[in-house]
Structures are given as structure tokens and as C-alpha cells.
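First the structure, in the form of C-alpha cells, and then the observations on it.
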């Protein structure tokens, strides 16, 4: 009777007779996991951090084929180039720190292109440059049609994935959070797994990437507060549907964190975020 054998790390699948399968198992006993490998797997499994375990195992499987030196990302086709001149800040950084809090509802005004561009310019100092892919769902930004885009920091421009109003569609993807219904845009921070495995081929890499995602989110939120913009940061999302929504391959790009931002309603009377500059 045929037996199906699947290698979950490499995605290989083949069928063989039960007798051959037994012989293969006996042979592979000599090449079983070392005690250190088992200890590393148990470390993640016992903490119920299966995503970290997956990252660790895949990293180990790819180590033989990957170089530690990473090649730069190729230039994207840019559909919208953004202005590089930064808008004048309304709050100091200290004031922004004092005012910083989570916002889930926003004023329904158009966010100025200059302020939107200024926020994105602050994505240039990541700890792990090259690891991140930035996806933006634009709802209400002056000069930019509604739709899903990928942002390229090097060229400071947007590549269109698809146009449309996705306010309501994003709510179930973010586990029921409704901030997108009134926000100006949402950003989805995603990890390029191929580059991450090249740059960070070690056990605690995913934890460091998570820390970096928090840094990026807080940096954007604080910068936003300097322009009277609030936001809702969250790692909660439905992973596989989000990949389908962004039209990305989950085996090569992993969404980790979202930041939904918009104009703070109680500040709107004095704000320049609505395009009054």
C-alpha cells in the first residue's frame, strides 16, 4: 500500500511503498535531530510560539543554500512619486510624547499629501533595513486614489497593487477593529522572509524583528502626533486572508503588524493635516 511522505520544511512530497518507507525511516534514524536541535524546538513549542518555531526551522533548512550577504532589492515600478520636502511640524517631539495615546475613530477629512509623505520619509532608519515590505491601504489622502499600494523607501514612491475602497473589507482582516472605517490610511508591516533568512539566520531573529516592528510603529505614531494625527497600532490580524488581500505569497512575505492612522477629530479645527497648508 503506497504511503505519502511530506517534508514540511522544504515542501517536498512523494509516494512510496510501505516497505521502502520503513527502510527509509530506519536509515534516517542515524541522522536524527541532535539534542541541541530538539532543545531549540522545545524552547519555542513549550511557549506556544509556533510562528517563531516555523521561522527557526525554515532558517535551518535554508542555511545550506543562502549566503549571509544580501543583494539589494531591485527597483520597483513606481506609479506615484511622493514629495521629499517635509511638512512643518505642529507639535514638538516632547509635546507629541505627552499627547500620545491610541485613537480608534478619526475625523473624515482628507489628509494632506505633504504630511502623508513626511510620515513615510521617517521609515528610513529601521534596524533591519531591507527586511521590511511596507503595504499601504489608502482611504483618504489628497492626490492619491483609494487603493492598496506598496511603498518603496529608496525611491520614495508607491506601486499600485489594486484600486478601490477597502475600508469595510479591512475590518474582519484586523479581527473586527473598526478604525479603518474613518482613517486616512492603514499600513501593514511585512517581513521579506528570503532577505530575513539571509540577514538573520539565527534562533532569536523573529523576536528581534517583532521588536523592530514596534519601533517602526511607535516612530510613525509619534511623528503623526506632531501633525495632529492619531493611530491604532496592532499585531492582531488574520494572517492568510491578509496575504490574499495584499496579493502576496505567505511563503516569501509575512505580515506582522498594522498601523491605522487618521486625523484626530478633536484637533481638526486647528490642524493642518486636512490639507489647509
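The values are calculated or read from the model by the stated rules, or taken from the named source; none is laboratory data. Model, not experiment: these values are computed from the prediction. Methodologically, a virtual Cβ is constructed for each residue, glycine included, from the backbone with ideal geometry; neighbour enumeration extends over all protein chains shown.
Taken as a whole, the condition of being modelled with pLDDT under 95, within 25 Å of residue 149 (Cα to Cα) and in a loop (DSSP other than H, G, I, E, B) applies to residue 72.
Looking across the range 96-122 at every residue that is touching a helix residue (DSSP H, G or I) at 6+ places or on another chain (Cβ under 8 Å) and within 16 Å of residue 223 (Cα to Cα), the one that is surrounded by the most Cβ atoms within 10 Å (Cβ to Cβ) is identified as 119. Counted as qualifying within the range 83-173 are the strands (runs of 3 or more DSSP E) with 1 or more residues that are over 16 Å from the mean Cα position of the chain (by Cα) and assigned by TED's automatic domain parsing to the domain that holds residue 207, namely 147-152, 157-163.
Take the conditions closer than 26 Å to residue 101 by Cβ and buried (at least 21 other Cβ atoms within 10 Å of the Cβ) and apply them to residue 225. Does it pass? Yes: the conditions hold for residue 225. Among the conditions (1) in contact with a helix residue (DSSP H, G or I) (Cβ under 8 Å, 6 or more places away or on another chain); (2) farther than 14 Å from residue 133 by Cβ, the only one that residue 161 does not satisfy is (2).
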